[in-house]
1. When the residues of the range 59-93 are filtered to those that are of a type in the set (Asp, Glu) and assigned to a loop (DSSP other than H, G, I, E, B), which remaining residue is nearest to LEU8 (Cα to Cα)?
2. Taking GLY303, is it on the phi > 0 side of the Ramachandran plot, in contact (Cβ under 8 Å) with a residue 24 or more places away in the chain and surrounded by fewer than 17 Cβ atoms within 10 Å (Cβ to Cβ)?
3. Scanning for something in contact with a Gly (Cβ under 8 Å, 6 or more places away or on another chain), over 21 Å from PHE131 (Cα atoms) and among the acidic types (Asp, Glu), does the range 85-103 turn up at least one residue?
4. Among the residues of the range 16-27, count how many are crowded, with 19+ Cβ neighbours inside 10 Å and modelled with pLDDT of 95 or more.
5. I'm trying to understand the selection: among the residues of the range 28-43, which are surrounded by fewer than 19 Cβ atoms within 10 Å (Cβ to Cβ) and under 22 Å from the mean Cα position of the chain (by Cα)?
6. Considering only residues of the range 132-163 that are in a loop (DSSP other than H, G, I, E, B) and out of contact with any strand residue (DSSP E or B) (no Cβ under 8 Å at 6 or more places or on another chain), which is surrounded by the most Cβ atoms within 10 Å (Cβ to Cβ)?
7. Return yes or no: is TYR116 surrounded by fewer than 14 Cβ atoms within 10 Å (Cβ to Cβ) and more than 30 Å from VAL247 (Cα to Cα)?
8. Just checking, does the range 335-349 include any residue being closer than 22 Å to MET232 by Cα, assigned by TED's automatic domain parsing to the domain that holds ASN272, under 13 Å from the mean Cα position of the chain (by Cα) and in a strand (DSSP E or B)?
Amino acid sequence: MKEQGVDLLMLCSMQDCHYFAGFTSTHWFNPSLQCCVTLIPVTGEPLIIIPEFFRWSAEAQCWIRDIRGQVDAHQTQNERGLPREVAQIVKEMGYGKARIGLEMGTLAHCFIPRPYNDIKLLIDSLPEAKFVDGDMVIWGCRMIKSPLELDRLIQAAAVHRQAFGAIVDGYRPGMTENDLLRIYMSTAAANGSDWMKSGHIMCGDMKEGVIDCGGHWDGIVIKKGDYMSFDMPCRYKGYWADMGRFVYVGPTPDNYKRGMEIAWKAFDAGANVAKAGIPASKVYDAVAKTQTDNGMFCIEMVGHGIGLDVHEPPVFSHTEETILQAGMAMELEVTGMMDGWHRDGKTGMFHYENLIIITEHGCQVIEGLPRQHLEVACYK
């Protein structure tokens with residue numbers, strides 16, 4: 001905070017209040033209620049402001065001992081008046097004329113999850129304060145994972161691997177996307193996942209390329225000769241896994257095997273250069289060069305940070321100059337196409353994604369579904 005010129009850090013988002021204060025609640029998904037505001041001064045003790053009925057939860061979860069309760073938090077006039085209460089507490093802390101860092105800035109991935117009128121009321125209630133970007137303070141901490149965070153990410157990857165493996169082993173002719181979704185979700189839950197996010201299970205030629213569209217699982221029957229795209233994140237104790245795969249229904253054609261070999265080669269090229277001290281763009285360059293040199297189209301991003309969010313900074317792109325540091329957890333992903341869509345008689349798409357952990361001298365690869373699982377088990 002001193003390095004960034006921030007006197008007081010003010011946090012309102014679910015992930016930041018979780019990370020910096022330890023507070024969690026399912027009520028974050030009710031946008032009318034502000035579950036927690038965390039105030040961290042550059043000197044002195046931090047505090048949190050919560051609806052009073054959360055006090056016992058906060059006392060059990062949080063390391064911060066100064067807990068301020070808002071009474072009747074569900075009442076509309078109190079909901080809208082919370083920014084004024086926060087401003088008054090800031091003044092009582094002695095920071096009414098300070099540089100206050102908010103969840104904003106050029107590093108993206110930062111946002112203030114409140115209506116504009118709430119934000120305006122906060123600013124108007126602290127006329128002598130200066131509001132500054134807090135992104136570099138927030139992500140200067142969150143991008144570097146602790147040993148506990150890394151352990152949870154590795155455990156999340158293990159749950160994800162088991163769930164995808166259950167689909168590969170459990171598919172039978174006549175099954176639908178809904179059937180595969182049930183296999184995935186039940187396996188992930190049985191192995192400790194506390195949340196599964198709607199990415200996609202894309203099956204059949206007519207849905208080829210329809211990605212990240214939410215949980216529109218269809219009763220479409222998956223037939224021999226289709227290929228299935230799985231990109232379903234799951235979470236373990238608050239930390240996410242996100243390792244996409246394509247799997248063939250039936251014996252994998254030779255042209256698709258060759259394409260996957262290029263995808264693996266591109267992944268390995270990125271993993272071989274990923275280490276502390278280099279800009280993130282260098283990883284993108286290594287992946288993109290391998291893909292294009294071998295006739296595979298490369299998209300504009302080949303990976304992203306992961307943690308309390310599925311997508312965190314930095315990204316692996318050709319413009320990302322963030323310097324990688326030991327302890328960063330990233331999803332390195334190769335997505336591409338060779339000669340066109342499968343539905344047009346061409347090879348189709350490729351996707352291969354794994355968790356990597358940046359170290360001083362390289363990276364540790366935590367593999368999801370193993371490479372040899374190119375096709376469902378019943379056709380082997």
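1. If we filter the range 59-93 for residues that are of a type in the set (Asp, Glu), which is where we start, we get 59, 66, 72, 79, 85, 92.
Filter once more, so that each one left must be assigned to a loop (DSSP other than H, G, I, E, B): 66, 72.
Details: ASP66: 16, ASP72: 27 Å.
Per the stated criteria, the residue is ASP66.
2. No: the conditions fail for GLY303.
3. no
4. Residues flagged as crowded, with 19+ Cβ neighbours inside 10 Å and modelled with pLDDT of 95 or more within the range 16-27 amount to 7.
5. Once the filter is applied, which keeps residues that are surrounded by fewer than 19 Cβ atoms within 10 Å (Cβ to Cβ) and under 22 Å from the mean Cα position of the chain (by Cα), the range 28-43 yields TRP28, PHE29, ASN30, PRO31.
6. As a first pass, look at the range 132-163 and keep what is in a loop (DSSP other than H, G, I, E, B): 134, 143-146.
Filter again for out of contact with any strand residue (DSSP E or B) (no Cβ under 8 Å at 6 or more places or on another chain), leaving 144, 146.
Details: ILE144: 15, SER146: 10.
Ranking the candidates gives ILE144 first.
7. Working: surrounded by fewer than 14 Cβ atoms within 10 Å (Cβ to Cβ): yes; more than 30 Å from VAL247 (Cα to Cα): yes.
It is true that TYR116 is surrounded by fewer than 14 Cβ atoms within 10 Å (Cβ to Cβ) and more than 30 Å from VAL247 (Cα to Cα).
8. no
The values are calculated or read from the model by the stated rules, or taken from the named source; none is laboratory data. Just so you know, these numbers come straight off a predicted model, no measurement behind them. Positions of Cβ are generated from backbone atoms using ideal geometry, with glycine treated the same way; all protein chains shown enter the neighbour counts.
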